[in-house]
1. With a 1.4 Å probe and every protein chain kept in, tell me what percent of the accessible surface of segment 123-266 is carbon plus sulfur.
2. Calculate one ³J(HN,Hα) per residue across segment 82-99 by plugging θ = phi - 60° into the Karplus curve 6.51 cos²θ - 1.76 cosθ + 1.60, and present them in order as whole Hz with x for glycine and proline.
3. Return the Rg/Rh ratio of segment 357-486 with Cα-based radii and a Kirkwood Rh.
4. What net charge is computed for the residues neighbouring Pro96, neighbours being all others with C-beta under 13 Å from the C-beta of Pro96, Lys and Arg scored +1, Asp and Glu -1?
5. List the residues whose amide H sits under 5 Å from the amide H of Ile261, counting only those 5 or more places along or on another chain, with H placed 1.01 Å from N in the peptide plane.
6. Share of Cα-Cα pairs in segment 150-203 beyond 13 Å, in percent?
7. Scale the Cα Rg of segment 294-371 by the rule-of-thumb value 2.2 N^0.38 Å and send over the ratio, two decimals.
8. What is the set of long-range amide H partners of Thr429 at a cut-off below 5 Å, with H atoms built 1.01 Å from backbone N?
Amino acid sequence: MRVSIRLLIVAACGLALGLPDPGEAGRRRRPPSHEAAGRLTFASPQVNPIALSPDESLLLVASTTSNQVDVISTATNTVIGEVPVGIDPGTIAFKPDGSEAWVSNHVSDSVSVIDTNPASAGYLTVVETVQDLVGGVTEFDEPTGIAFKGDGSEAYVALSSRDDVAIVDTTSYAVTGRVHITAQDPRALFVLGDYLYVAAFESSNQSELSICEDLADAPDCTIDASDIAAFAIDDPNLPNEIKDITIDPGLPDRDLFVFDISAGLSDGALPVDSVTGMGTLLYGLVGQVNGGAHDLWVSQTDARNDANGDDGLPLADLDNRMFLNQLTRVSCTSGSCGSPTRMDVEVLVPSQPAAGNALATPYGIVLTSDGSTVVATAAASSRIFSYDATGTTDSDVLDRLDVGEIPRGIAFVPSGPSTDAGTAYVLNTLGNSVSVVTVGAGGTLALDGTVAVNPIPVGDDPTPTLVRLGRIAFNDADASTSGTFSCASCHPDGNTDQLLWRIGGQCQACNGEEPRTTMPVRGLRDTVPLHWDGALGDPFGGPSGEDPNGNASPSQTAGGVTCEIDNQQACFRHLVEASLSGVMCDQDPPGCANGPTGEPGLLDDTERQNMAIFLERVSYPPARERPIGDVVSAMALDGFDDFFRDNPGNRGGPLANSLAEPVTCADTTAGCHELPLGTASNSETLGAFEAPTMRG
C-alpha cells in the first residue's frame, strides 16, 4: 500500500510538471484545443492609476484590464517589469518612505502590497494582500482611492460601494476600523499634514422632484402627499401632474470631507468639517500647503439637470451643454474649510468651445512644485491642459495638448524644488499607453521629443479590439455636438450619475413628459428591453417615441425594431443611433442631422457598431453581500417571496378586479419586472414604457 501511494504521488507530480505519462508511450498526444479563459468587461473606475515613487525613480501604472501593474524607469522611460495583482486594479499609492506601493483591486475587493525597496529580496513582487472577510462576505467592497498618514503608520482606503473609508495598519496589514462618509461613493483621497481629505464621487446638487407634504405650505412644489398616495395605489404615471426638478436647499450636498488624523484615525470618527457646493461628479483631488493653509483642488463635472428641470424645458433647451467641465479650489485652515471657488475650463454657456479647445471630463490632476500651475487631464477630449492656479475663468487655461485615448491618470516630476516646469506622465487608459509631456515655464505643454517611444506602451490588454474601440467611442466627447460631454458623462463606469433629467420624451399615458433617472449600462446584455423610452429618439417605436416637437423619432419612421433575447445586436445598434440623434445631438438646426452615416450623430459607422458591441458586454461586478459559499440568507429569501410570489395583500388599484391573474411587483397583467431579466417590454399600464431592470 505504501508503494502504491508513493507511485500515485510520483505519477501525479509528473503530470503536474508536464512529464510524459509512461502509460502513453508510443502514442501521440493531442494538443489542447480549449480556448483561453475569457474576462468580463467591468469598466471599473480609476482614481490615481499612475504613481511616482518618492525618489522619482519609478513610475507604477495600473493596467486595469490587464490585472497588472507596469513598472517604468524614469531614467530610461521604458517598462522594466510587470507585477500581477488582483482583478481590475485602479489606484496606486506609495508609502511615504517609498518601501511599498499599495494597489486597490476594485473587483477583487483587496489591496495588493508591492515591495518597492530595491534592497529587498521581494523587490517588485506582491508581498501582502489586504482583505476583510466576515463570515465569508467581504467587508472591503470595491476599493478605490488610497492615501497614507504622513508617518506611514496608517493607510486609508476608500470603499466606494459602502460609503466608507477603511483604516489599515501598515505593519500588520489588518483593517482596524472604518469611518462613514455621509455621501455617495467616496473615491479620491488626499493627506496634507494632520488632515485626510475625502471627495465623494456622486455628490449630487440638491435636485429632486417638486414633492412636498402640502402644496399650500410650499408654493414651489407641484406634487403633494395625496399625489404620492395615488402613485403608490393607482397610477405610477401621475397623469396631468407637473413634475418639475427643483433645487431643495434643505437637502444635504456634502462633497469634500475632512478628518483629523493627527493621532491616527479612530474607528467611527466623525469628520471635523465638510464642504458643500462643488460639482456633481468629483474625479480627482490634489492639495498643497500654502502658508498656514491647505489649498485643495478638485477636477469635476457639474450637471445642468436643474437648468432644464422646469416643465416645458427639455434637454434640447440646453444647447447640447448638459455638463460644465470645471476645476474647484477650496482653502482649509486647521481642518476648517471655506467656500469653494468653481472655475469653468471651457467657454461659458451659451457659447460653445472652438474646435479642438473642448476640455471634457477633467479627471487626473497634479500641481507643479511651486503651486503656480494645475495640470489636469480632460479624459473625454483625450487631451491635457494647464491652468493658472490663481485663475477663475476659462481664459486662465494656459495650454492644451492632445495625447492618447481617454487619459485618466497623471504624475508629475518637477525639474526643481520651486518651479512650474517638469515632466508629466499621462496614462491614456483606453489607449494602453503613457504619454511623456514636457511642462515648460508658464504652463506650456509639448510631447517630449527625447523619448524613443512616445507614448510608452503599457499593459497586456485582453479586451477584444472592437470592444475596446467601442469603449473609447462611449467615453469620447466628440460624440456630442458641443464636444463637451460623452455617453460616459451620464453613465460613468457603466453606471449612473444618480440624477433626474427632463430629456424631452413624451409619455401618452402621462399626458405629457416626465423626468427620468439615468440607468446603468452594466448588464444590458441580460436586460431586454434596454429601457429606452423614446426621449429625443426611440429604437423601439411605440407611443412614447416622440421627439421634442411631438414628431415620431427617426427610428420609428424607419420601422422600429423589436428587441428580442436572441437578436440583441440590432437593438444595441438602434440604441446607439437613438442616443446619437437625441441626447448627444444639438436639437437646434442644423444640429447634427447630417452625420457621417447619413443618420443624425457625429460618430461614423464603424464607431457606432463598435459602441454597440461594447454596450452588450459591460458586466456588473460581483454583488457585495454575496457569500463565498453562495448560501442565500433568510432575509433575501423573504424579500424574493414578497417580490415574486402572488400575495393577495398586493392586490389593489386598477388590478383589483383581476383576481384570476397573479398580482405581484414582478408580474402583473401589465408586465413590470418579470423573470428572468427583471424587466418587461411595452408595459400597458405605463403607456408602452420599457420598465427598467430591478438589477443594480
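1. Carbon and sulfur: 50 percent of the exposed surface of segment 123-266.
2. So the Karplus estimates, Gly and Pro as x, are 9, 10, x, 10, x, 8, 6, x, x, 9, 10, 9, 8, 4, x, 8, x, 7 Hz.
3. Here Rg/Rh amounts to 0.99.
4. Local net charge: -3.
5. So Ile261 has HN proximity to Tyr195, Leu196.
6. Across segment 150-203, Cα pairs with separations above 13 Å total 57 percent.
7. Here the answer is 1.35, to two decimals.
8. Here the answer is Arg408, Gly409, since their amide H atoms fall under 5 Å of that of Thr429.
The values are calculated or read from the model by the stated rules, or taken from the named source; none is laboratory data. As the structure is a prediction and not an experimental result, all values here were calculated from the model. Glycine gets a Cβ as well: all are built from the backbone with ideal geometry, and neighbour counts include every protein chain shown. Each accessible area value is taken on the protein alone, full model and side chains, heavy atoms only, with ligands, DNA and RNA left out. Shrake-Rupley method; radii C 1.70, N 1.55, O 1.52, S 1.80 Å.
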